[in-house]
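Have a look at the structure below, then the notes.
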């Protein structure tokens, strides 16, 4: 009798342990499901990605963009989406433009180049003094031969492609010549990316002088649309979700000129002499 009672007691205890375990498991499972649902609801309330309105009218350098063509609208839509949702880069575009555009605008105007070409610089280099894999240098991404042909000094000691004013002057000369050759500023901009020879070859091959009707390599085919998208966003930043305060912008860096009439053998010592560092 005692043995049977003891066995019954153990069975009840075992059942109680199983019941409590199931209760705890059910509680945690229910809590996990609730947590996931709350998280998902919060995510959907807080995060949204929107399609963008395509402008009804747009120009580049005073020339109409044929937005009634489906392929043109879709190409512009692609570049607007890329540049709107690559927020970090576009924010930097806006900040750098505040610092560098005034000088570029002045030189373009002096050379009768439409103001829209300042956006070409962002498409080329992001307004950074970079060197491309092909050897193009500076914010205007000038090749050595092109730079020398347009009056810039490029040698082991000096590379004026890094000089914003002189490089802008050289680019202006190139663009004016291209406008004379192709008859439109849009084609002049395309030739800046593709090269005059390459673009002329396609003009003759396709018997077509309108950029928007030409079949070109992928980079040049996107090039004008990227410039247009950058222009649209920088001129209307809040329409694309970009909000910056004046203090967020980059401003011109105070500078002064130093006359150098001999070769500099040690730039580290030269920099130290003028209270700057080698990097600058």
Original post:
When you go through (1) in contact with a helix residue (DSSP H, G or I) (Cβ under 7 Å, 6 or more places away or on another chain); (2) part of a helix (DSSP H, G or I) one by one for residue 216, which number turns out not to apply?
Top reply: (2)
Original post:
Mind checking which pairs have a first residue in the stretch 140-152 that is at positive phi and surrounded by fewer than 16 Cβ atoms within 10 Å (Cβ to Cβ) and a second that is modelled with pLDDT of 95 or more and not in a loop (DSSP other than H, G, I, E, B), Cβ under 9 Å, 6 or more apart or different chains?
Top reply: 151/160; 151/166; 151/169; 151/170; 151/173
**OP:** Pick out the one residue from 228, 244, 214 that is surrounded by 13 or more Cβ atoms within 10 Å (Cβ to Cβ) and more than 19 Å from the chain's Cα centre (by Cα).
**Re:** 214
Original post:
Within the stretch 195-202, is even one residue within 23 Å of residue 100 (Cβ to Cβ), surrounded by fewer than 10 Cβ atoms within 10 Å (Cβ to Cβ) and out of contact with any strand residue (DSSP E or B) (no Cβ under 9 Å at 6 or more places or on another chain)?
Top reply: no
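Rundown of residues vs (1) free of Cβ contacts under 8 Å to residues at least 12 places away in the same chain; (2) more than 28 Å from residue 83 (Cβ to Cβ); (3) in a helix (DSSP H, G or I), yes/no style:
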{"site": "170", "(1), (2), (3)": "no, no, yes"}
{"site": "180", "(1), (2), (3)": "yes, yes, yes"}
{"site": "187", "(1), (2), (3)": "no, no, yes"}
{"site": "190", "(1), (2), (3)": "no, no, yes"}
{"site": "244", "(1), (2), (3)": "no, no, no"}
{"site": "252", "(1), (2), (3)": "no, no, no"}
{"site": "260", "(1), (2), (3)": "yes, yes, no"}
Original post:
Based on what the data block shows, is residue 57 modelled with pLDDT of 95 or more, more than 30 Å from residue 162 (Cβ to Cβ) and either exposed (fewer than 10 other Cβ atoms within 10 Å of the Cβ) or in contact with a helix residue (DSSP H, G or I) (Cβ under 6 Å, 6 or more places away or on another chain) (or both)?
Top reply: yes
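Here is a check on your reading of the model: is residue 209 without any contact (Cβ under 8 Å) to a residue 40 or more places away in the chain, within 20 Å of residue 125 (Cα to Cα) and in contact with a helix residue (DSSP H, G or I) (Cβ under 7 Å, 6 or more places away or on another chain)?
No; evaluated as a whole, the condition is false for this residue.
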Original post:
Which numbered condition trips up residue 238, out of (1) assigned to a loop (DSSP other than H, G, I, E, B); (2) free of Cβ contacts under 8 Å to residues at least 12 places away in the same chain?
Top reply: (1)
Original post:
Would a scan of the stretch 87-108 turn up a residue that is in contact (Cβ under 8 Å) with a residue 12 or more places away in the chain, over 27 Å from residue 254 (Cα atoms) and either in contact with a helix residue (DSSP H, G or I) (Cβ under 7 Å, 6 or more places away or on another chain) or surrounded by fewer than 20 Cβ atoms within 10 Å (Cβ to Cβ) (or both)?
Top reply: yes
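Can you confirm whether residue 278 is assigned to a loop (DSSP other than H, G, I, E, B) and over 25 Å from residue 145 (Cβ atoms)? So that I can check it myself, show each step before the final result.
Details: assigned to a loop (DSSP other than H, G, I, E, B): yes; over 25 Å from residue 145 (Cβ atoms): yes.
In short, yes.
The values are calculated or read from the model by the stated rules, or taken from the named source; none is laboratory data. Quick caveat: nothing in here was measured; it's all calculated off a predicted structure. A quick note on method: Cβ atoms are made from the backbone with ideal geometry, for glycine too, and the neighbour counts reach across all protein chains shown.
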